[in-house]
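So the structure is just underneath, and the comments pick up after that.
The values are calculated or read from the model by the stated rules, or taken from the named source; none is laboratory data. Quantities reported herein were computed from a predicted structural model and do not represent experimental measurements. Cβ sites come from the backbone with ideal geometry, for glycine too, and all protein chains shown count toward neighbours.
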Amino acid sequence: MPAVIAPPAPFANAPRPFERYQLAMPNSPTAAKIARDFVGTLLRTGPHAALADDARLCVSEVVANVYCHTGSRLVRVEITVDGDQVAIHVTDDAPGPLPDPPERPEGEGGRGLLVVDGLATSWGSSTRQANSRRTNTVWFVLTPPGRDTEPDTGPAAATPAAATPDAPPGVGARSGSGPTGSRSHR
């Protein structure tokens with residue numbers, strides 16, 4: 001029987017508009033390291049290798065906050081990569097309040113969101129209610145040095161699919177700090 005050879009797919013290496021990666025893990029003392037290694041490996045193998053260290057530091061700080069400040073059983077990390085930026089969402093299922101960076105960082109700890117604020121192009125947080133499940137998400141966007149973009153990746157524009165599978169449209173898209181809401185920084 002003769003061998004059948006299929007022609008290669010045209011533009012096999014053409015970039016896609018975006019790629020999305022998800023990681024779900026137990027909220028444990030090792031979760032920050034697992035998330036940090038996942039994000040670093042992912043970004044170092046693609047076009048945003050220059051953002052890997054900043055992304056690793058930011059995701060480590062946010063996941064550590066979930067471990068230290070919530071009773072969430074799971075932590076979900078979603079990374080969206082496109083040609084212009086990297087957006088990372090960290091979601092927990094604890095019903096606690098949304099985070100704010102401390103105004104006076106002289107104390108022990110409490111600098112994680114200040115680190116994110118200093119490195120990210122923009123960042124924010126949101127709370128979503130889906131059926132009986134409430135989730136909190138902290139998101140941040142990193143852009144390569146020299147790119148002067150102000151992305152529209154707030155919670156309403158780029159909500160991680162895993163964080164709100166059953167949420168009706170518009171839930172959690174309000175501004176403010178009520179029972180559901182969102183905050184953006186920058």
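Of all the criteria given as (1) closer than 21 Å to Gly118 by Cα; (2) free of Cβ contacts under 8 Å to residues at least 60 places away in the same chain, the one not satisfied by Ala55 is (2). For segment 57-85, a tally of residues being under 11 Å from the mean Cα position of the chain (by Cα) and among the charged types (D, E, K, R) returns 2.
For segment 71-129, a tally of residues being at pLDDT below 90 and part of a loop (DSSP other than H, G, I, E, B) returns 22.
Just one of the numbered conditions (1) modelled with pLDDT under 95; (2) within 23 Å of Leu113 (Cβ to Cβ) is not true of Pro17: (2).
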